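One structure below.
The values are calculated or read from the model by the stated rules, or taken from the named source; none is laboratory data. Only a predicted model underlies this, so the values are computations on that prediction, with no experimental measurement involved. No Cβ is skipped: glycine too gets one built from the backbone with ideal geometry, and neighbour counts run over all protein chains shown. Heavy atoms of the whole protein, side chains included, go into the accessibility calculation; ligands, DNA and RNA do not. Shrake-Rupley method; radii C 1.70, N 1.55, O 1.52, S 1.80 Å.
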Amino acid sequence: MAIKIPALGSIYIESCRRHGVAPRTGFLSALFKADVKKSRHELCVLEILLDHVKDVDFHPLLEVTTRIGDSEIEAVDVLNESSCALNGEYALVLIRSIDQKLRIVDLQDLSFGKDFLWDVSQRGLQCQVLNLRSSHFRKLNLVGEFLRLHTLNLDYSTMLSSFREDCFSSMPNLMCLSMCETRISNLWTTIAALSKLPSLVELRFQNWICCNDVGSSGSSVGDDQTGPSQPSNASHLEMPPISLNLLIDLDVMTEQAIRNLLPFSMNQNFQNTNEDSSDDSEVDFSIHLENGQLDSSHSAPPGWNREINLPSEATSAALSNQNGEESSEGAISGHVADVSFKYISEHASPICFEQHYREFMIASIPQLRVLDNLPIRNIDREMANLTFFKHFERLPYRRSDKESVVSILQKREIRAIPSSFRTQKQMPMDPVGKSQHSYARSLCAAKMGSSAWPYMHSLSISGNDLGDENGSFRPRQFEYHPTNSSLMVFGTLDGEVVVVNHEKQKIVSYIPSFGTMNSVLGLCWLKHFPSRLIAGSDNGSLKLYDIQHFPSTSNGLRTASSVTFDEFDQLTSVHVNSTDELFLASGYSKNVALYDINSGRRLQVFTDMHQEHINVVKFSNRSPSIFATSSFDQDIKMWDLRQKPIRPCYTATSSKGNVMVCFSPDDHYLLASAVDNEVKQLLAADGSLHLDFQIPATGSSQNYTRSYYLNGKDYIISGSCDEHVVRVCCAQTGRRLRDISLEGKASGSSMFVQSLRGDPFRPFNMSILAAYTRPSSKSEIVKVNLLASSECNKEASSGGSSFPFNSMGG
C-alpha cells in the first residue's frame, strides 16, 4: 500500500528529532501542498526547494526521498532559486534517491561547484526537465544517461563555447533544447552534436519574440504571454510535450496561429511561487554585441535586443523584407488588418550571426519544427535546402552521401582485379570514370564525414631540447618544406630560426639570433637545394642558411652555415623564384628588392611599385620571372622581370587594403586576401575575378586576413587576426566546407589566427600559427587534421592519410 503523504511528514519530523535538527517549515509546507493537490485529484507534485538547506538537513530529507517511490506522490520537482549552502555531493544523493518520480530539476549550478556538474554530465539524471541555466560548462560533455529527459535549458551559460564529440549521445527522448546567450559559434560541430538527438523538434539559440504594435516592449508576446528579456528566477520549468499536429501544415496557418506557437515551450507555464519579476535577478546577463560578435568584456543595457518587423507573408526562414517597408534602422515592418507585427531577437548566441545560420540549421536537422521560437514551414525548409546547397558542402569533393572507408577500399580492390577474374556481381560495382584520384577524394569525404571534430594539437617544441630548462619559443612565421614531408621551419619573435621534424616533434637544426635579428617575418625554402632557406627579419637582416653544412654543437644539434645579403629595411616578406636563382624582398615601403642567390648580391631595387607599403611579394610557382605584389593601397599587381618592371602586366583592385597574395600550385589563379575577410580568386592570366568567397566581414579595419591553398588548388583556408576561426572553402565553387574553431587552453582565454599554411603532402591537413589574446600568453603552432577525429589521436599524430596531392587532381 502506498505511503500516505502525512506519513511522510511524520517520518521527516521523527528523523529530525533523532538527528537533533529542527524540521524545515518549507519542506513541511511542500508536503502539505502536495496533499492538497492529491485531495483535489490534481497531479500530486512535491516541490523540494533547496534554498537555505544546509548539510545538517541532509539525513532527514534523505529518509523521506528514498521512500517517495512507494508513496502517493506522483512527481517531484527539485528547485534551487538562489544560493544554497548544501554540499553538492549531498544534493546529488538527494536528487538521485527520488529515481523514477523525478520530474523537474531546476538548479543554479553556481551553488554546487565543478564536481557537481561533472557528476551530472558523466552519470546522468532520471528527470524529464533539466534546467542548468548560467552553468559553468565550457565544453559540453553530457554523456551520462538522460533517458527520460525531454527538455534541457542551458540559457545564459556564458562560458559554454563548444561540444565534445559524444555529447547528447544518451538523450533519445530530448525534444526541446535552449542555449540562448552562450558562446556557441561553430555551425558544423553544433550540428554534429545535435544530430545525436533523434527526437529534437524545438531548438533555441536566441529569442525571436513577436508582439503587436510598434511601441510594444521587447518582453511582450501577444496579450497574455510573456517572454523574459532577462533570466527568470522562475521555479518551474513545466513543459508539456509539443503538440506536433499544430506544426504539420504551417503553410496554411494564420498569423494568429503562428503567434500562438512563438513562445518557446520552456517559457510556457512558468510558475514562480515567490512571484518575483525576472528583472530582480541578481546575476548580470546583459551582453554586448559588436559587429555580430559576443563580447563579454563589455555590457549593454538589459533591454538590448534586435528588432525586425515582418508582414504576415514573410517566411520565418528568410526573415526578409517581403511586401514590407524597410526603416532607416534596418527594421522591416508590415501590416495586416492595421496591425504591425514586430519580431525582436534577444539573448542571441554568436552562432545566430553566422551567415545563413537559420537555413543551415533547418537543412541539417530534418525533424526540427521550431527554431528560435519561429515555426518552420514547408516553404522554409525548401528554401533552406536550396540555400544550403548554394553556399555549403556537406562533404568534400561534392560527395553527396557518406560512405565507409571499407566500402571505398573494396571498390578499389575489385576494380584492380583483372576482368577475367571478376564475377558477374563484381562487374558493375565501380562506375565509369573512377580514377585513382577519385578514390582518394572519396576516402577524404568518408573520413571527414565521420566526425566534425578534427584532430588538433600544438607543435610541442621547446628550448628544453637545447638544454635550456626555462626556454620556450615564440613563433612568428613558419613554412612547410616543399619536398620533405616531415620538415618545417619557423622563425621566432626573438630572431631564432628553428628547423623541426613536425611529425616526431623534434628539433633538426637551431639557428640562434646572435643579437643580429629581431622578429623573423620572412621565410622561404629553396626548391632544388632542399637544405637551404632564406630568412628575413623586421630589422632588415637577410640570410641564406644551409642546414647540411654545419659544425657540431655541444648538444649534438645542427647549426647552419649562412650567407648575408644587403639589408632591406622593415622587411615583411621574402620569396624565391622557381629556379632558386633569385629572391624578392618587400616590407613597409613602396619598393621591392631583387637579390641574386648565387652571388649574394642585391641586383636592383624597384621603386614606387605601389602607393602604399607592399606587405607580400610572391614569385609564381613555374615561371622564374613572373611575380605578384599585394599592397595596402588596395591593388594587386602582376609583374614580369623580363619587361623591366616599370609598369605592371595588370592591376586588380580590392575594396580594402591587401594583406597578401599567392599563386595556385599550377599558376592558373591568384588568391588575394584583403582586410576583414575580403578573399577573392583571380585569373592569373589577366587578373579578372574568378570567384568571390563572400566571407562575412566583422567591420574591423584591423582584421588582417590571410588565405592559402589546400589540397593543391582544390580548397582554400582563410583566417583573420581578430577571429578564432579558420574557414575551409571550395576553390571552384566558393562553397564553405568547414569552420575550424580555435579555443584557448585556459578558461576565459581566446585565440586568433596569426598565420596558416596547408600541408603540401597530406590532404586536409594544415598548421595554424595561433596567438592568445592575453598579452602574457605565447603564440603556438597548431596542427590540424580534418580527416582524423579528435578521438583518433594515434592515427592523427602519425600524420593521418598521406596520399600525395598530385594524385588528387585539379
Interchain or long-range residues, amide H under 5 Å from Asn703's placed H: Asp676
Say the cut-off is 29 Å between C-alpha atoms; which of Lys411/Lys527; Lys618/Lys783; Lys196/Lys506; Lys506/Lys543; Lys637/Lys783 go over it? Lys411/Lys527; Lys196/Lys506; Lys637/Lys783
How would you rank 661-668, 403-410, highest first, on the average number of other Cβ atoms within 10 Å across their residues? 661-668, 403-410
Got the relative contact order for the range 9-122 handy, in percent, Cα pairs under 8 Å and 6 or more residues apart? 25 percent
Taking amide hydrogens as modeled 1.01 Å from N in the peptide plane, which residues meet the under 5 Å criterion relative to Ile636, leaving out close sequence neighbours? Ala652, Thr653, Ser654
Name the residue from Tyr90, Val105, Val21 whose Cα lies farthest towards the positive end of the charge dipole of the range 5-204, charges +1 on Cβ of Lys and Arg and -1 on Cβ of Asp and Glu. Val105
What fraction, in whole percent, of alpha-carbon pairs in the range 350-391 exceed 16 Å separation? 27 percent
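Ranking request for peptides 166-174, 571-579: highest mean number of other beta-carbon atoms within 10 Å first, then the rest in descending order.
Put in order of decreasing packing, that is 571-579, 166-174.
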Between Ser407 and Lys33, the two model label points (7 Å from Cα along the beta-carbon direction) sit apart by a distance in nm of 5.5 nm
Whole-Hz Karplus couplings 3J(HN,Hα) for the range 88-104, θ = phi - 60° and coefficients 6.51, -1.76, 1.60, Gly and Pro as x, run x, 5, 5, 4, 5, 4, 4, 5, 6, 5, 6, 6, 5, 8, 6, 10, 10
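Under a 1.4 Å probe, what is the accessible area of the range 666-746 per residue, stated in Å²? The partial results should precede the final answer.
Details: 2410 Å² over 81 residues.
Per-residue value: 30 Å².
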With a cut-off of 8 Å between alpha carbons and a minimum separation of six or more residues, what is the relative contact order of the range 350-391 in percent? 45 percent
Considering Cα pairs under 8 angstrom that are at least six residues apart, work out the relative contact order of the range 5-204 and quote it in whole percent. 13 percent
Sort the following peptides by mean Cβ neighbour count (other Cβ atoms within 10 Å, averaged over residues), highest first: 624-634, 87-97, 37-47. 624-634, 87-97, 37-47
So what is the accessible area of the range 5-204 per residue, in Å², with the probe set to 1.4 Å? 38 Å²
Tally Lys/Arg at +1 and Asp/Glu at -1 over every other residue whose Cβ is under 11 Å from the Cβ of Asp372; what's the total? 0
Debye intensity ratio in log₁₀ form over the Cα atoms of the range 5-204, taken at each q of 0.13 Å⁻¹: -0.71
Tell me the per residue accessible area of the range 350-391 using a 1.4 Å probe; a whole number in Å² is fine. 38 Å²
Interchain or long-range residues, amide H under 5 Å from Phe392's placed H: Arg736
Here the range 55-65 yields Karplus 3J(HN,Hα) values (6.51, -1.76, 1.60; θ = phi - 60°; whole Hz; Gly and Pro given as x) of 4, 5, 7, 5, 5, x, 5, 5, 4, 7, 5
